[in-house]
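Take a look at the structure below.
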Amino acid sequence: MLEITIFSLLNGTVYGLLLFMLSSGLTLIFSMMGILNFAHASFYMLGAYFGYTISSHIGFWPGLIFAPLIVGVMGALLERYALRHVHKHGHVAELIFTFGLAFLLEELTQFFWGTDQQAYKGPSLLDFPLFTLFDANFPAYKAFMLLISIGIFLGLLLVLTRTRVGLIIQAAITHPNMVNMLGHNVPFVFMATFGVGTALAGLAGTIAGPVMGTYPGMAHDLGSIVFVVVVFGGLGSLAGALVASLMIGIIQTFAVGLNYSVSDFLVTIGVSFPADHFLHDIWTMTLPQVAPLIPYLMLILILIFRPMGLFGTRET
């Protein structure tokens with residue numbers, strides 16, 4: 001039991017910080033710019049594929065640098081020449097446009113790279129166990145993922161709260177006309193912010209590809225969860241996104257690791273039901289089976305009891 005607890009905590013933290021890497025970009029785009037970008041996870045997918053392609057030719061580390069930059073430029077151009085014109089028509093138009101864009105990017109990915117999972121491998125420099133506990137190894141690459149995620153959080157927090165650039169971004173969001181009158185190019189600020197947000201998604205994909213797998217459905221697997229993270233943590237709150245990501249990652253990982261069912265709990269308190277009971281399927285449902293539903297149950301609860309999220313200052 002101790003082994004399951006320790007490794008579920010470690011793996012849950014890694015998964016949670018991966019969610020934060022992906023949701024931090026969406027926090028900038030959705031929470032601060034008010035743009036409903038349902039294609040955000042598609043940039044995560046593109047980051048993994050670009051990272052795989054670059055690493056197969058010139059190595060992992062150049063891919064780690066250039067893949068997020070390419071994705072960020074794509075995001076900035078998307079905002080400048082498409083979303084900027086769609087945004088003025090409201091959230092419904094944004095939703096439809098980005099929803100269609102997500103399908104288009106997935107189809108293009110399958111067209112250029114195929115439908116099979118790609119053999120994207122991490123760097124040989126980090127291909128060793130960081131430590132061994134209970135005859136199980138914890139890879140050094142996962143520790144690298146942890147460090148990158150923490151660095152992103154600290155870097156974004158510092159930029160947004162302690163620098164002139166961060167003050168301009170936040171002011172442009174709330175008072176764009178005033179910022180424009182002060183001589184700042186507000187449309188460029190929005191384009192750059194969107195580009196940075198998509199670059200963070202690309203970075204998450206570049207780093208996660210070797211561990212989580214690089215395949216066309218990877219955007220679909222995490223696409224909806226990142227919105228849960230942003231809403232659960234609170235709109236515009238990086239700290240909220242971090243806490244929400246860790247909560248979801250750790251709780252889901254524990255649910256997968258602990259193979260218990262409702263009937264197991266009922267037996268411990270002396271309650272049992274016959275096999276032909278009409279609720280037999282519910283009693284025998286295990287935690288790993290309900291693990292994918294946990295983020296959405298958490299979302300429902302937070303919207304009922306605290307609609308502004310854990311650290312949010314306005315309702316979603």
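The set of residues in segment 146-176 that are of a type in the set (A, V, I, L, M) and either outside any helix (DSSP H, G or I) or farther than 30 Å from N11 by Cβ (or both) comprises V165, L167, I168, I169, A171, A172, I173.
Checking G151, G195 one by one, the residue that is modelled with pLDDT of 90 or more and in contact with a Gly (Cβ under 6 Å, 6 or more places away or on another chain) is G195 and no other.
Here V71 meets each of (1) out of contact with any Gly (no Cβ under 6 Å at 6 or more places or on another chain); (2) among the β-branched types (V, I, T); (3) surrounded by 16 or more Cβ atoms within 10 Å (Cβ to Cβ) with one exception, condition (1).
Which is among the β-branched types (V, I, T) and in contact with a helix residue (DSSP H, G or I) (Cβ under 7 Å, 6 or more places away or on another chain), of T115, T132, T109? Explain how you work it out, then say what you get.
Details: T115 fails: in contact with a helix residue (DSSP H, G or I) (Cβ under 7 Å, 6 or more places away or on another chain); T132 fails: in contact with a helix residue (DSSP H, G or I) (Cβ under 7 Å, 6 or more places away or on another chain).
Only one candidate qualifies: T109.
For segment 174-194, enumerate the residues that are aliphatic (A, V, I, L, M) and farther than 20 Å from L77 by Cα. Working first, answer last.
Pass one, segment 174-194, residues aliphatic (A, V, I, L, M): 178-179, 181-182, 186, 189, 191-192.
Answer for segment 174-194, where residues must be aliphatic (A, V, I, L, M) and farther than 20 Å from L77 by Cα: M178, V179, M181, L182.
Screening S23 against (1) among the hydroxyl-bearing types (S, T, Y); (2) touching a helix residue (DSSP H, G or I) at 6+ places or on another chain (Cβ under 7 Å); (3) more than 19 Å from G234 (Cα to Cα) leaves a single unmet condition, (3). For segment 230-282, taking the residues that are at pLDDT 85 or above and among the β-branched types (V, I, T), the one that is surrounded by the most Cβ atoms within 10 Å (Cβ to Cβ) is identified as V230. Can you confirm whether segment 188-200 contains a residue that is free of Cβ contacts under 8 Å to residues at least 60 places away in the same chain and among the hydrophobic types (A, V, I, L, M, F, W, C)? Within segment 188-200, one or more residues are free of Cβ contacts under 8 Å to residues at least 60 places away in the same chain and among the hydrophobic types (A, V, I, L, M, F, W, C). Of all residue pairs spaced 6 or more apart or on separate chains, those with beta-carbon atoms under 9 Å, a first member in segment 100-117 that is closer than 8 Å to P216 by Cβ and a second member that is in a helix (DSSP H, G or I) and among the hydrophobic types (A, V, I, L, M, F, W, C) are E106/M45; E106/A219; T109/M45; T109/L46; T109/A219.
Annotation note: of H40, H85, H91, the sole residue that is free of Cβ contacts under 8 Å to residues at least 24 places away in the same chain and either under 25 Å from V159 (Cα atoms) or out of contact with any strand residue (DSSP E or B) (no Cβ under 6 Å at 6 or more places or on another chain) (or both) is H85.
Among residues of segment 128-139 that are in contact (Cβ under 8 Å) with a residue 40 or more places away in the chain, those with a Cβ under 9 angstrom from a residue that is surrounded by 12 or more Cβ atoms within 10 Å (Cβ to Cβ) and of a type in the set (F, W, Y), sequence gap 6+ or separate chain, pair up as L133/F7; F134/F7; A136/F7; F138/F7. E107 meets all of the listed conditions (1) in contact with a Leu (Cβ under 8 Å, 6 or more places away or on another chain); (2) loosely packed, with under 12 Cβ neighbours inside 10 Å but one, namely (1). Only a single criterion out of (1) farther than 13 Å from L18 by Cβ; (2) surrounded by fewer than 22 Cβ atoms within 10 Å (Cβ to Cβ) is not satisfied by M212, namely (1).
Identification of helices (runs of 4 or more DSSP H) wholly contained in segment 41-139 with 2 or more residues that are more than 19 Å from the chain's Cα centre (by Cα) and charged (D, E, K, R) yields 91-113.
Of these, E106, E79, E94, which one is farther than 27 Å from L246 by Cα and touching a Pro at 6+ places or on another chain (Cβ under 7 Å)?
Details: E79 fails: touching a Pro at 6+ places or on another chain (Cβ under 7 Å); E94 fails: touching a Pro at 6+ places or on another chain (Cβ under 7 Å).
None of the others qualify; the one that does is E106.
What do you reckon, is S56 surrounded by 24 or more Cβ atoms within 10 Å (Cβ to Cβ) and not aromatic (F, W, Y)? When the stated conditions are applied, S56 does not pass them.
The numbered conditions (1) in a helix (DSSP H, G or I); (2) over 16 Å from the mean Cα position of the chain (by Cα); (3) farther than 17 Å from G72 by Cβ are all true for N259 except (1).
The values are calculated or read from the model by the stated rules, or taken from the named source; none is laboratory data. Computed from a predicted structure; not experimentally measured. As a convention, Cβ positions derive from the backbone with ideal geometry for all residues, glycine included, and neighbour counts pool all protein chains shown.
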